[in-house]
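Written below as structure tokens is the structure these notes are about.
The values are calculated or read from the model by the stated rules, or taken from the named source; none is laboratory data. Here the structure is a predicted model, which is why all the values come from computation and not from measurement. As a convention, Cβ positions derive from the backbone with ideal geometry for all residues, glycine included, and neighbour counts pool all protein chains shown.
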Amino acid sequence: MRKLMITLIPISFIFSLFFLLMSQDLLPEESHSYDVLFINGKVMNGTGNPWFYGDVGIKDVKIAKIALHIPRDASARVIDIKGKVIAPGFIDIHTHAYDSISDETVWRGEDEKRYFAPNFVSQGVTTLVSNQCGSSPLSIKKQMQVLASKGTGPNILLLIGHNSIRKEVMENDYRRPATAEEIEKMKKLVKQAMEDGAAGLSTGLEYTPCIWSTKEELVALVEEIVPYAGVFMAHERASGLTPMWYVPSLHQGAPPTMLENVEELIEIAEQTRARVVITHIKARGANFWGASRVIINMIERARQRGLEIWADCYPYNTSGSDGEVVIIPEWAIGKKEFSENLRKVLKIEQKLKNLERDVKHAITWRGGAENIIVMDSPHKSYLGKSLAQLAQENGISSFEMAIRLQLEGDPERAGGARLRSFSLCEMDIEAFTSMPWTATCSDAGITLPADGPSVHPRFYGTFPRKIRHYALEKKIISVEDAVRASTSLPAQILGLEKRGKLEEGYHADVVVFDPERIGDRATFFEPHQYAEGIDYVMVNGVFVVENGELTWKKAGKVISLSKSKEP
């Protein structure tokens, strides 16, 4: 009995001491399991699986818990998102956001806001890929250092640009195939970039100087990225029956077509076993519409053979180069004194014939006269009207109307008016969008309202538009598939680990959107408008959008995909 009493006294003493300490607030406060807890959300995990109701707990920079119910008192902050979707942050696989940034070129003053990339994070983008279409600084290492020191809103992956490398090695003598020695020099630059953490190689085969590169040159360079599991992002040699540089009266022989371009990229994948992305895939020009079915068939057959052919596509039927359309070729109007030069050409019969041929070709390549719209002109009655409509109103041909726009328009502007063409067809966009190997991309740069009215709406609205227009309205794909195309799919293509899905242990890149309100607001006349329905965006566990407002917090990381994996 005495032994039992001796045992009980210390226990009672301990309990008494515990309650005494509690009453005196001497014990440390209980630490919360989560920094932020999103509750009652429709969880779309990025895989394409159907959503489910659940809670998501964030701790530090990671997704700590996903469950049907998490105790509310376990978090320092609880956000009720009933009726809203919580998904992985969107990954924009093709941008020009930071292409120009290097140790020699940085943004200063008011332009420093660009580092936050407000037009991207406002639409839910938490990670983006820059240095596309072959354009990049030569030193990826230095570019990474500059961006890390400045800080960015989203996470960033960088590519090494083929066009920049080719120009460095061949200087101004690039209108020819590269020699074996020149290719070796290019290979060394690609390898160094991959060692420094580049995610892969980009090329712009429709642009100088890569117009003159051969398949053999491309194979040699792509082989350098394969040991690093790099991705090859290829801007096409042509996106229709002809490239953008083609002028019938100036260029002899058959130009490359989009179909030949796809065939070449498939052959490169076959020879190198690299992951190849046909970037901003399209079927351009009124005489090429419907070709998406042929292109898709080519890609599907290649994938059935085990080749990793992917694509990305933006959800608009007009491109970036469609925004400043000049129907009249430069040879006829020159680089200044446009109208005066044109009048001289019109007086020479053979030149007039060549001009009509070239203009008609340009009109077709831009989607037809009914799809070329006047965005700005000294004649305000022209605004919003098509070239075809204006020609009909004036009782003349579309060719003659294009000439009149120059002769009677703005003398300081090539073409006399700012035109936008809609050179792509919805049928083809829908076909590409519905493919499980097509990721979402914006092909956009960073913009601020000071940049003026010629900015493409995709700079602000790509990802919300994909969900609103193609999933909710047209039902080409499901919302879950639209989210997958913007999250886990680009992460898979890039080889990006621990991002692109809502999974425990993944980085806390998160977007919360309202399916009732989500959509793009930017228009071609008023492009600088943020999207609707994006309520919260987290980058690495930090809010960059909170209650629908930008926080301007630079939470992004420059992600290196070199020899070591990201932690």
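Each residue in segment 525-567 was checked for being hydrophobic (A, V, I, L, M, F, W, C), in a loop (DSSP other than H, G, I, E, B), at pLDDT 95 or above and in contact with a helix residue (DSSP H, G or I) (Cβ under 8 Å, 6 or more places away or on another chain), and 2 pass. Among the residues making up segment 318-334, those that are in contact with a Leu (Cβ under 9 Å, 6 or more places away or on another chain) and either at positive phi or in a helix (DSSP H, G or I) (or both) are Asp322, Gly323, Glu324, Trp331, Ala332, Ile333, Gly334. For segment 138-165, residues that are crowded, with 24+ Cβ neighbours inside 10 Å and part of a loop (DSSP other than H, G, I, E, B) total 4. Taken over segment 459-489, residues that are assigned to a loop (DSSP other than H, G, I, E, B), at negative phi and either among the charged types (D, E, K, R) or not assigned by TED's automatic domain parsing to the domain that holds Val512 (or both) amount to 1.
This table checks each residue for (1) without any contact (Cβ under 8 Å) to a residue 24 or more places away in the chain; (2) β-branched (Val, Ile, Thr); (3) under 22 Å from Ala555 (Cβ atoms); (4) surrounded by 22 or more Cβ atoms within 10 Å (Cβ to Cβ).
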{"position": "Trp51", "(1), (2), (3), (4)": "no, no, no, no"}
{"position": "Ile66", "(1), (2), (3), (4)": "no, yes, yes, no"}
{"position": "Ile70", "(1), (2), (3), (4)": "no, yes, no, no"}
{"position": "Ile93", "(1), (2), (3), (4)": "no, yes, yes, yes"}
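Six or more apart or on different chains, Cβ atoms under 7 Å: show the pairs whose first residue is in segment 544-560 and without any contact (Cβ under 8 Å) to a residue 12 or more places away in the chain and whose second is not in a loop (DSSP other than H, G, I, E, B). Going by the 7 Å Cβ cut-off, the qualifying pairs are Glu546/Tyr536; Thr551/Phe543; Thr551/Val544; Thr551/Val545.
Applying a threshold of 6 Å to beta carbon distances and a minimum spacing of six or more residues, or different chains, the list of pairs starting in segment 301-315 at a residue that is in the same structural domain as Ile278 (by TED's automatic domain parsing) and ending at one that is assigned to a strand (DSSP E or B) and of a type in the set (S, T, N, Q) reads Ala311/Thr438; Cys313/Thr438. When segment 31-53 is examined, which residues are found to be of a type outside the set (Ser, Thr, Tyr), over 30 Å from the mean Cα position of the chain (by Cα) and more than 15 Å from Phe543 (Cα to Cα)? The answer is His32, Ile39, Asn40.
Scanning segment 198-222 for residues that are out of contact with any Pro (no Cβ under 6 Å at 6 or more places or on another chain) and either in a loop (DSSP other than H, G, I, E, B) or not assigned by TED's automatic domain parsing to the domain that holds Glu270 (or both) gives Ala198, Ala199, Leu205, Tyr207, Thr208, Pro209, Ser213. Tallying residues that are assigned to a loop (DSSP other than H, G, I, E, B) and buried (at least 16 other Cβ atoms within 10 Å of the Cβ) within segment 400-451 yields 19.
From the list Ile278, Ile327, the lone residue that is closer than 18 Å to Thr433 by Cα and either aliphatic (A, V, I, L, M) or without any contact (Cβ under 8 Å) to a residue 60 or more places away in the chain (or both) is Ile278. Pairs are defined by a Cβ separation below 7 Å, a sequence spacing of at least 6 or placement on different chains, a first member in segment 468-486 that is in contact (Cβ under 8 Å) with a residue 12 or more places away in the chain, and a second member that is in a helix (DSSP H, G or I) and polar (S, T, N, Q); the pairs so defined are Tyr470/Thr433; Ile476/Thr433; Ile477/Thr433.
Determine, yes or no, whether Val345 is in contact with a Lys or Arg (Cβ under 7 Å, 6 or more places away or on another chain), modelled with pLDDT of 95 or more and either surrounded by fewer than 18 Cβ atoms within 10 Å (Cβ to Cβ) or not in a loop (DSSP other than H, G, I, E, B) (or both). Write out each step before concluding.
Numbers: in contact with a Lys or Arg (Cβ under 7 Å, 6 or more places away or on another chain): yes; modelled with pLDDT of 95 or more: yes; either surrounded by fewer than 18 Cβ atoms within 10 Å (Cβ to Cβ) or not in a loop (DSSP other than H, G, I, E, B) (or both): yes.
In short, yes.
Checked against (1) more than 30 Å from Tyr536 (Cβ to Cβ); (2) surrounded by 24 or more Cβ atoms within 10 Å (Cβ to Cβ), Gly124 meets all criteria but (1). Note on segment 186-213: residues that are within 20 Å of Arg237 (Cα to Cα) and either of a type in the set (Val, Ile, Thr) or in contact with a strand residue (DSSP E or B) (Cβ under 9 Å, 6 or more places away or on another chain) (or both) amount to 12. Inclusion of Arg458 among residues that are modelled with pLDDT of 95 or more, within 13 Å of the chain's Cα centre (by Cα) and under 19 Å from Thr127 (Cβ atoms) is warranted. If you check Phe232 against the conditions, is it part of a loop (DSSP other than H, G, I, E, B), touching a strand residue (DSSP E or B) at 6+ places or on another chain (Cβ under 8 Å) and of a type outside the set (D, E, K, R)? Here the answer is no, as Phe232 does not meet what is asked.
Restricting segment 490-512 to residues that are outside any loop (DSSP other than H, G, I, E, B) and touching a residue at least 12 places away in the same chain (Cβ under 8 Å) leaves a set whose member that is nearest to Lys42 (Cα to Cα) is Val512.
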